[in-house]
Amino acid sequence: MSPIHQAPTASSYWLVGVDVGGTTVSTVLLDENLQSHGELTVATDLTSPDATMLGIVAAIEQTLALDDAPRKLAAIGLGIPGQQDQAQGIVRIAVNLHWYDYPLVERLVAHFGAPCVIENDVRVATLGVYRFDNPAGDQNLAYISIGTGLATGVILEGKLLRGRHGLAGEFGHIIVDPDGPLCNCGARGCLETLVSATAVVRRAREALAQGADGALAALHPLTARGVYDAAATGDAAAQQIVDDVGTELARSLRSVVLAYDVDSVVLGGGVTRAGDRYLQPIVAEWRRQQATSALARAVLRPEILRIADPTRNLGAWGAAALAAELLGE
């Protein structure tokens, strides 16, 4: 058995979950019972690929220092943006981290002497939702992360769906409007260009350029969450953006529900912290579809929609659960 897959012999041990982003690295320290002993967030060092890795090493070391109990580090799980080769432990493409075919697992194992596993960050967050934010115990769920872009993670029959190339759930790049805005992937009108937090800001700038004023014009800086807050004050231009984004997202979520027949659809990302204000236009569009479609009445049930727990970093927690899975827990 290779060092990457060796399990600890002690009955008590530490698991570290790491959520690596282009701005911050967030971690959580869990014991063998998956109970938290502390969380940590530090800035991501992007000065070089190796500097980023060493910054993660430092964050893990600081996380282990959050509790002085004499437990062995059993495993490390990491959620990394982009495409990962989990079998080889190599980050194939993580554009914002400047990692290309980067041997992350090998280097972390060499430093810590503990097994390590990597996975796409959204799929790791999906595992976090499934293991730690799943009050109904759903075995089939979809998690949609809405931030700079949009991506989906899916759990089917209790198993994380990865796909042949590790790209399952890239709904953000489904083309919705072929004449729409240019996406970073090179196509036009991808879903994320219409409903992501970035898209909300773009729509707001377009409204301001056309003369919108009021609460929307008073936003400094202009953020997606701010647009939702402006809509809550009665700002008409902001409300129109919220309604348009919610309607478009609702139509695409219909595709997710029909494709996977899930028990729940969980929405996460900073903009979703608007809570009910975020869900209302989505539910309204589903209601409109229900009025004319028996199929919509059967599958587009508002009660399956919810916002992910905003009080914890589900990416880091999911990464720790991934580490536990590595040990057969």
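The values are calculated or read from the model by the stated rules, or taken from the named source; none is laboratory data. Keep in mind that what you see is a predicted model, and the values were worked out from it rather than measured. So basically every Cβ, Gly included, is an ideal-geometry build from the backbone, and we count neighbours across all protein chains shown.
At-a-glance table
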| read-out | value |
| --- | --- |
| Candidate set: the range 140-158, residues that are hydrophobic (A, V, I, L, M, F, W, C) and closer than 19 Å to G186 by Cα; chosen: the one surrounded by the fewest Cβ atoms within 10 Å (Cβ to Cβ) | A151 |
| Selection from the range 70-108 of residues that are crowded, with 19+ Cβ neighbours inside 10 Å, in a helix (DSSP H, G or I) and more than 18 Å from the chain's Cα centre (by Cα) | L104, V105, L108 |
| Residues of the range 95-119 satisfying the condition of being in contact (Cβ under 8 Å) with a residue 24 or more places away in the chain and either among the small types (G, A, S) or outside the structural domain of G22 (by TED's automatic domain parsing) (or both) | G113, A114 |
| Some residue of the range 65-75 being touching a helix residue (DSSP H, G or I) at 6+ places or on another chain (Cβ under 6 Å), closer than 20 Å to H173 by Cβ and either without any contact (Cβ under 8 Å) to a residue 60 or more places away in the chain or among the aliphatic types (A, V, I, L, M) (or both) | no |
| Members of the range 109-127 that are surrounded by 24 or more Cβ atoms within 10 Å (Cβ to Cβ), aliphatic (A, V, I, L, M) and within 17 Å of V16 (Cβ to Cβ) | I118, V124, A125, L127 |
| A212 outside any loop (DSSP other than H, G, I, E, B), aliphatic (A, V, I, L, M), outside the structural domain of N120 (by TED's automatic domain parsing) and over 24 Å from the mean Cα position of the chain (by Cα) | no |
| Looking only at the range 275-306, and only at residues there that are closer than 25 Å to L127 by Cβ and touching a residue at least 24 places away in the same chain (Cβ under 8 Å), the one that is surrounded by the fewest Cβ atoms within 10 Å (Cβ to Cβ) | G275 |
| The range 304-329 - residue that is of a type in the set (G, A, S) and in a loop (DSSP other than H, G, I, E, B) and, of those, farthest from D19 (Cα to Cα) | G328 |
| Residue list for the range 246-303, filter: on the phi < 0 side of the Ramachandran plot and either in a loop (DSSP other than H, G, I, E, B) or outside the structural domain of T193 (by TED's automatic domain parsing) (or both) | V262, D263, A291, T292, S293, L300, R301 |
| Which listed residue is modelled with pLDDT under 95, assigned to a helix (DSSP H, G or I), polar (S, T, N, Q) and not assigned by TED's automatic domain parsing to the domain that holds A65, from T198, T148 | T198 |
